[in-house]
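The structure under discussion appears below in the form of structure tokens.
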Amino acid sequence: MTDTERKREEEKKKLQLPGSVPAARPPVRRRLRLRLSRAGLGRAIVDSAGWAWLSAALSAAALWSGGEGCRFAGMGNLLKVLTREIENYPHFFLDFENAQPTDGEREVWNQVNAVLQDSESMLSDLQSYKGAGQEIRDAIQNPNDIQLQERAWNSVCPLVVRLKRFYEFSLRLEKALQSLLESLTCPPYTPTQHLEREQALAKQFAEILHFTLRFDELKMRNPAIQNDFSYYRRTLSRNRINNMHLDIESEVNNEMANRMSLFYAEATPVLKTLSNATTCFVAENKTLPIENTTDCLSTMASVCKVMLETPEYRSRFTSEETLMFCMRVMVGVIILYDHVHPVGAFSKASKIDMKGCIKVLREQPPDTVEGLLNALRFTTKHLNDESTSKQVRAMLQ
């Protein structure tokens, strides 16, 4: 063994003990710290042991790459390994609790806020929806009892007016979503840059998805909605045949009833509305690459996942409700992405880490996330495609 080879063997043995390896030269360390900080890894290795390990790894990269002259090439290869996941999945904090609009966001923010300020009252109204099940049963069982027929009809009519308000609110949400998509996908900024720069609009986008999943979950749990509306349509048709004009028709005419019927026939009507709106946005904006829209959705899903799985970010939330908000938003953008992207969210070509997102949900108390897991199971478009991995399917069983 030559003296040079012996010296290299001695150096390799030293690398097994990080503490015995001299620190990387200051310029390299400073450049390394900067690159890792940009990648979001700086905090993980700021302690001396971490830097000693990195110094050892850099020296190893140089030795095993052919000597001192290859040290910087070794550093580049090491950083590729260290930062690959970070580059694929953006790391920054979306302030869902405190984001305020800048002057540049103000006009769109005001338009969307005019819609969102009614969202809580809509949810409260839906939550208190009891239906007219008993009155309808009595009327059906006693078809010749005029008094029971009138009682059922008088109970159903105000409920149908409420259902019309919910439907019309979904149309307002559709327009608001398209305004936000236009702002968050336009050149020259990337989706990541938009979400970082325009956090108030990103928050509103999230609030629309949060409302959507809450509304649809309440709707799915309340069969009275479709029962009431079906009875209303049957009775309306029967009265029209008998040439009877009813005052309710000025509120909900036949055309409106048809549109509402299609809306409420969906298991998740608002989510379906927003999926269609996003698809239409892509189709109507032919000069805008579809990637601008899908990357906006995948970036938000990735950011939500990172915030949920990173203790440093989770600790910045002031309430447990914000964590639930973040999970609903993550699921909502996954579903939108799955409907808009040509191969969906579950393909290997997807920019969403589906295994990571499902894992984050699985780590929560089951009773809090079962509805979200069901949304992924039953309202996505590509889950059952052949391109979906068996592991992902198994995670959703």
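The values are calculated or read from the model by the stated rules, or taken from the named source; none is laboratory data. Bear in mind the structure is a predicted one, so any value in this text is a computation, not a measurement. Positions of Cβ are backbone-derived with ideal geometry, glycine not excepted, and every protein chain shown enters the neighbour counts. When the accessible area is computed, the model is the full protein with side chains, heavy atoms only, and any ligands, DNA or RNA have been set aside. Shrake-Rupley method; radii C 1.70, N 1.55, O 1.52, S 1.80 Å.
Miscellaneous remarks
- Looking only at the range 286-325, residues that are of a type in the set (D, E, K, R), within 15 Å of A206 (Cβ to Cβ) and open to solvent by less than 50 Å² (accessible area, probe 1.4 Å) come to 1 in all.
- Test: residue in the range 167-174 that is surrounded by 21 or more Cβ atoms within 10 Å (Cβ to Cβ), in contact with a Phe, Trp or Tyr (Cβ under 9 Å, 6 or more places away or on another chain) and more than 14 Å from K272 (Cα to Cα): no
- Filter result for the condition that a residue is in contact with a Phe, Trp or Tyr (Cβ under 6 Å, 6 or more places away or on another chain) and either more than 24 Å from D95 (Cβ to Cβ) or open to solvent by less than 10 Å² (accessible area, probe 1.4 Å) (or both), over L180, L209: L180
- Selection status of L163, at pLDDT 95 or above and assigned to a helix (DSSP H, G or I): yes
- Filter pass, R328 being open to solvent by 10 Å² or more (accessible area, probe 1.4 Å), at pLDDT 90 or above and closer than 22 Å to K219 by Cα: yes
- Here A283 qualifies as surrounded by fewer than 20 Cβ atoms within 10 Å (Cβ to Cβ) and assigned to a helix (DSSP H, G or I).
- Among the candidates R137, R172, the residue that is of a type outside the set (A, V, I, L, M, F, W, C) and more than 31 Å from the chain's Cα centre (by Cα) is uniquely R137.
- From the options N142, N113, residue that is touching a residue at least 60 places away in the same chain (Cβ under 8 Å) and open to solvent by 40 Å² or more (accessible area, probe 1.4 Å): N113
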